[in-house]
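Heads up: the structure comes next, in structure tokens.
Bear in mind that the values in this text are calculations on the coordinates, not laboratory data. These numbers were taken from a predicted model, which means no experiment stands behind them. Here the Cβ is made from the backbone with ideal geometry for all residues, glycine too, and neighbour counts use every protein chain on show.
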Amino acid sequence: MADFTQSEISRLEAGLQKLLKSPDIRIPPVARKGVSVEVLVGDETIGTVYKDEEDGEVSYAVNITLLQEDLPEA
């Protein structure tokens, strides 16, 4: 797993805000190197971002977690 720079975190945050049309999305600074970063909407963690560097290319995987109890009734 690759480390995130603060510049990268800022760019990811801006990109997710634009893509998901939500200025409430934020990614707090990483306390430790080499870990994933959390994605928050307001104060609630909704997922994580993982960074992968392979063959000179960088990609990011966003994993969003939804709890069944948070889904609307069928």
query = What percent does the relative contact order of the chain come to when contacts are Cα pairs within less than 8 Å and at least six residues apart?
reply = 23 percent
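Report, in debye and to the nearest 20, how large the dipole of the chain comes out about its Cα centre when Lys and Arg carry +1 and Asp and Glu carry -1 on their Cβ.
Values: 7 positive and 15 negative charges, 63 e Å.
Using Cβ point charges on Lys, Arg, Asp and Glu, the chain gives about 300 debye.
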key: Kirkwood estimate for the chain, i.e. one over the average of 1/r between Cα atoms, Å   = 13.3 Å
ask   = Helix 6-19 versus the longest principal axis of the chain: what angle, 0 to 90°, nearest 10, using Cα atoms?
value = 40 degrees
Gain upon complete extension [Leu19, Leu66; 0.36 nm per residue less C-alpha separation] = 15.1 nm
